[in-house]
Amino acid sequence: MHADELARRYPAVRVDPSVLYIDDDNVITSAGTAAGIDACLHADRADHGAAIAAEFARRLITPPHRDGGQAQYHRLPISCALGASTHRRRAASGSGRPWR
């Protein structure tokens, strides 16, 4: 989203919009808020081991590691065909119908 502008303003900086975070020696930068959590888990994994990072991730209800390479944001708005009240009614009814 802003990678082109960042690269334009700071031509000496290598900008890679396809990654979630970059660990460059003693500087870690991330692509945004959720990627910042990924970067923190990466730092925890490096400093304290995979088991500690996995426990932090479990408490945050997030994967312990995401590879990146995916789009950093959705280009199209995400819409919901059914409203929240419809979802609540279906969940409460126990209808067993598949969610779409």
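Taking into account only those residues within region 54-68 that are assigned to a helix (DSSP H, G or I) and among the small types (Gly, Ala, Ser), which is surrounded by the fewest Cβ atoms within 10 Å (Cβ to Cβ)?
54
Please work out which one of (1) among the β-branched types (Val, Ile, Thr); (2) at pLDDT below 90; (3) in contact with a strand residue (DSSP E or B) (Cβ under 7 Å, 6 or more places away or on another chain) is the condition residue 86 fails and give its number.
Result: residue 86 fails condition (3) only.
The values are calculated or read from the model by the stated rules, or taken from the named source; none is laboratory data. Please read all numbers here as calculations on a predicted model, not as lab measurements. FYI the Cβ positions are ideal-geometry reconstructions off the backbone, even for glycines, and counts take in every protein chain you see.
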